[in-house]
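The values are calculated or read from the model by the stated rules, or taken from the named source; none is laboratory data. Predicted model only: the values in this text are computed from it and were never measured. Positions of Cβ are generated from backbone atoms using ideal geometry, with glycine treated the same way; all protein chains shown enter the neighbour counts. These accessible areas exclude ligands, DNA and RNA; they are computed on the full protein's heavy atoms, side chains included. Shrake-Rupley method; radii C 1.70, N 1.55, O 1.52, S 1.80 Å.
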Amino acid sequence: GLPDLTQATSPVESARNALTFFSQLQLSAGNWGCEYGGPMFLLPGLVITWYVTETPIPEAHRIEIKNYLWARRDPEDGGWGLHIEGESSVFGTAMNYTVLRLLGADAEDPRMVKARGLLHRLGGAVNGPHWAKFWLSVLGVCQWDIVNPVPPELWLLPDWMPIAPWRWWIHMRQVFLPMSFVWSKKWSYSPTPLTLELRKELFTQPYESIRFASHRNSISPKDNYHPKTWVLNTVNWALVNVWNPYLRTNALTRRAEAWTWDLIRREDENTDYANLGPVNGPMNLLACYIKEGPDAYSVKRHRERTEDFLWVKAEGMLMNGTNGVQNWDTSFLIQAVIEAGLAREPRWRKMLIHALEYLEDQQIRENCKEQDLCYRHPRKGAWAFSTRDQGYTVSDCTAEGVKAVMLLQNTPGYPELIPDERIHDAIDIILTMQNPSGGCSSYEPTRGSEYMEYLNAAEVFGRIMVEYDYPECTTACVTALSLFQKLYPEYRAADIGTFKRNALDYIRKAQRWDGSWYGSWGICFTYAGMFALEALASVGETYKTSERVRRACSFFLDRQMADGGWGESYRSCETGVYTPHEKSQVVQTAWVVIALLEAGCERRAPIEKAVKLIMSRQQANGEWLQEGIEGVFNKSCMISYPNYKFIFPIKALGMFANKFGDVKLQ
């Protein structure tokens, strides 16, 4: 409903029009919000938990969740995949079919009939991955024999053991923590007429005839992205046939359940029941319901906090991949406006001060209580991905947050809301995030070996068991430290110098023979290349001075599409091989423009052609329309960053104008 703007003819005019639109989306707290959707396995865990804990589901929620699932079904086969652009699978189809039934959809609705037909062609719900079997057993539709073991006794292992859970990636351990508690209890909801009907609908044979134990390892090829290794199969066999029946004593079980419950309680208290994410949140709610009963404060508070993950858009109600992207997007937007040269314009001052106020409020000011007992990394001075309540240190979120603060507070006309002491706290946290390789991980330094992937039981995800080095996270830390050194040259200068040298060595080593870097949080080589070239440029490695930078630029220039843009498919993330998208993408085109400009690429013509493409797709009201999905995690699951279509084009347009002038391009 915003009015049409005067058509932009230069890059800065285009950036100004974009900000005119995007500034209207700033929320009252000072941040920008958006959907963080894409994964299609999040709503099922929540809705099943609501159902089995007898949590009232508002009618509006029922309507809008159903609307979203109808909108996101595959138009050809009628099913659902792991994510919104993925192929239909047993995981997506069985779980979202179940959600629709729990929310009141009729089994004989033609859309349900079609989805059920697809599910049966894929072998039925017995061919789902581990997480699907877990949730359907909680619901009472499967029997627990179908679920491969998740023994809470693992949490009793000494910390020195290579497979101790504290060494796992944070999302893996926080999901398997409540999962192991519930698995140990073998808790299932009592049968209802609806769940009895689901027993008939989700399988290809009568429920009574299914030997659930024989299907522990059954999985559809559509779901089997990371097949279970012979090591994991051997361990599971031993747990099922030796440990559980003969060695697992009641006393040991009670001790393991008590310790996992204590860790669940600590996670809840450290996050005010917001929890790390939308998978462990509903599981923790279920654990609290089982342990403390339906009237407990923990259950009540969990029910309130699940609303944090829900987002309504034109298609309906979805569940976000975290409780938002508030800190991340707000930090990037501040930087983009500064890069575009707009921060000095008076009309944006109020907006930017409000954004700075938001970041000031969201910096984490204290560590977790007894952080060592709950295996938490220090967090004082950090910014989380979403909010202070969620409260998990993330390396690049802290780096981009403190970078945004330093840039804006050192721009004339802006107040100093975050004092030096707190900026130092952020730098101190960044300096704890480096691995021996020189690279940086996401939530904490790597604690375990990559060989842990032999025990990856999720099946649908890769690189999920431990933390890894990421060019994106490493670059964010390097560039934040470089800026900090310019402003505070005396503070921990030796430590910062060592960190940067090792980090840059890692970035150089991570470059592939063709000049590219593999990205783990955005699609894919395009995203990582932008960050890597920014890191190298920060220490003077540019197109003129560095052969590796020239190779990286050639990698991009060789893949420019005929219309001047770039487009990379999410298949690159899955396969590790650059795969072009069927059409150019505004966000990815902006990423490449930023990369080439950071690198000091001397070929103006292809960059200008790309900028013209970005400008040509801008709408009359200043916005860009949503195109393909932008983000990824664990190689196989895509996730949406809809604010990127504003943030990165604004930055790219401004950087182009800074280098070549605000010339008329259309």
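Does segment 52-65 include one or more residues that are modelled with pLDDT of 95 or more, closer than 30 Å to ILE290 by Cα, part of a helix (DSSP H, G or I) and within 22 Å of the chain's Cα centre (by Cα)?
Within segment 52-65 (the criterion being modelled with pLDDT of 95 or more, closer than 30 Å to ILE290 by Cα, part of a helix (DSSP H, G or I) and within 22 Å of the chain's Cα centre (by Cα)), the answer is yes, since at least one residue qualifies.
Please go through segment 618-636 and give me each residue that is closer than 11 Å to VAL587 by Cα, open to solvent by 30 Å² or more (accessible area, probe 1.4 Å) and either out of contact with any strand residue (DSSP E or B) (no Cβ under 9 Å at 6 or more places or on another chain) or modelled with pLDDT under 95 (or both), ordered by number.
Those that are closer than 11 Å to VAL587 by Cα, open to solvent by 30 Å² or more (accessible area, probe 1.4 Å) and either out of contact with any strand residue (DSSP E or B) (no Cβ under 9 Å at 6 or more places or on another chain) or modelled with pLDDT under 95 (or both): LEU625, GLN626.
Filter segment 304-350 down to the residues that are among the small types (Gly, Ala, Ser) and within 18 Å of CYS397 (Cβ to Cβ), then identify the one that is nearest to the chain's Cα centre (by Cα).
GLY321
One residue is enough: does segment 432-440 have a residue meeting the conditions closer than 30 Å to LEU232 by Cα, in contact with a helix residue (DSSP H, G or I) (Cβ under 7 Å, 6 or more places away or on another chain) and open to solvent by 50 Å² or more (accessible area, probe 1.4 Å)?
So far as segment 432-440 goes, yes, one or more of its residues are closer than 30 Å to LEU232 by Cα, in contact with a helix residue (DSSP H, G or I) (Cβ under 7 Å, 6 or more places away or on another chain) and open to solvent by 50 Å² or more (accessible area, probe 1.4 Å).
Within segment 530-558, work out how many residues are of a type in the set (A, V, I, L, M, F, W, C), surrounded by fewer than 20 Cβ atoms within 10 Å (Cβ to Cβ) and at pLDDT 95 or above.
The total comes to 1.
Can you spot a residue in segment 76-88 that is open to solvent by 10 Å² or more (accessible area, probe 1.4 Å), closer than 28 Å to GLY462 by Cα, out of contact with any Phe, Trp or Tyr (no Cβ under 7 Å at 6 or more places or on another chain) and among the small types (Gly, Ala, Ser)?
Looking through segment 76-88, at least one residue is open to solvent by 10 Å² or more (accessible area, probe 1.4 Å), closer than 28 Å to GLY462 by Cα, out of contact with any Phe, Trp or Tyr (no Cβ under 7 Å at 6 or more places or on another chain) and among the small types (Gly, Ala, Ser).
State yes or no: is ASP495 in a loop (DSSP other than H, G, I, E, B), at pLDDT 95 or above and of a type in the set (D, E, K, R)?
For ASP495, the condition - in a loop (DSSP other than H, G, I, E, B), at pLDDT 95 or above and of a type in the set (D, E, K, R) - is not met.
Tell me, please, whether a residue that is buried (at least 17 other Cβ atoms within 10 Å of the Cβ), among the hydroxyl-bearing types (Ser, Thr, Tyr), more than 25 Å from the chain's Cα centre (by Cα) and closer than 30 Å to ARG116 by Cα can be found in segment 32-44.
no
Being open to solvent by 60 Å² or more (accessible area, probe 1.4 Å) and either at pLDDT below 95 or not in a helix (DSSP H, G or I) (or both) is the requirement here; does SER190 meet it?
Answer is yes for this residue.
Are there any pairs with C-beta distances below 8 angstrom linking a residue in segment 137-158 that is under 10 Å from LYS186 (Cα atoms) and touching a residue at least 40 places away in the same chain (Cβ under 8 Å) to a residue that is of a type in the set (Val, Ile, Thr) and surrounded by fewer than 20 Cβ atoms within 10 Å (Cβ to Cβ), with the two at least 6 apart or on different chains, and if so which?
Listed by first residue and then by second, the contacts come to nothing, as the list is empty.
If a residue counts only when it is in contact with a Cys (Cβ under 7 Å, 6 or more places away or on another chain), which helices (runs of 4 or more DSSP H) contained entirely in segment 349-437 have at least 1 such residues?
Where helices (runs of 4 or more DSSP H) fall fully within segment 349-437 and carry at least 1 residues being in contact with a Cys (Cβ under 7 Å, 6 or more places away or on another chain), they are 395-409, 420-430.
Between a first residue in segment 16-31 that is open to solvent by less than 40 Å² (accessible area, probe 1.4 Å) and a second residue that is acidic (Asp, Glu) and not in a loop (DSSP other than H, G, I, E, B), which pairs have beta carbons less than 8 Å apart while being 6 or more apart in sequence or on different chains?
What qualifies is GLY30/GLU357; GLY30/ASP361; ASN31/ASP329.
For the subset of segment 217-248 comprising residues that are among the aromatic types (Phe, Trp, Tyr) and more than 20 Å from LYS186 (Cα to Cα), which member is least open to solvent (accessible area, probe 1.4 Å)?
The extreme case among them is TYR225.
Can you confirm whether ILE607 is open to solvent by less than 30 Å² (accessible area, probe 1.4 Å), more than 30 Å from MET465 (Cα to Cα) and among the β-branched types (Val, Ile, Thr)?
yes
Sort out which residues of segment 446-462 are open to solvent by 20 Å² or more (accessible area, probe 1.4 Å), within 29 Å of GLU366 (Cα to Cα) and in contact (Cβ under 8 Å) with a residue 24 or more places away in the chain, and write them in order of number.
ARG447
Filter segment 626-666 down to the residues that are among the aliphatic types (A, V, I, L, M), assigned to a loop (DSSP other than H, G, I, E, B) and over 25 Å from GLY324 (Cα atoms) and list them by number.
If the condition is that a residue be among the aliphatic types (A, V, I, L, M), assigned to a loop (DSSP other than H, G, I, E, B) and over 25 Å from GLY324 (Cα atoms), then VAL663, LEU665 are the ones that fit.
A quick yes/no check of all residues on (1) over 19 Å from SER395 (Cβ atoms); (2) surrounded by fewer than 21 Cβ atoms within 10 Å (Cβ to Cβ):
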site	(1), (2)
LEU483	no, yes
LYS486	yes, yes
GLY497	no, yes
ARG501	no, yes
ILE507	no, no
GLN511	yes, no
ASP514	yes, yes
ILE523	yes, no
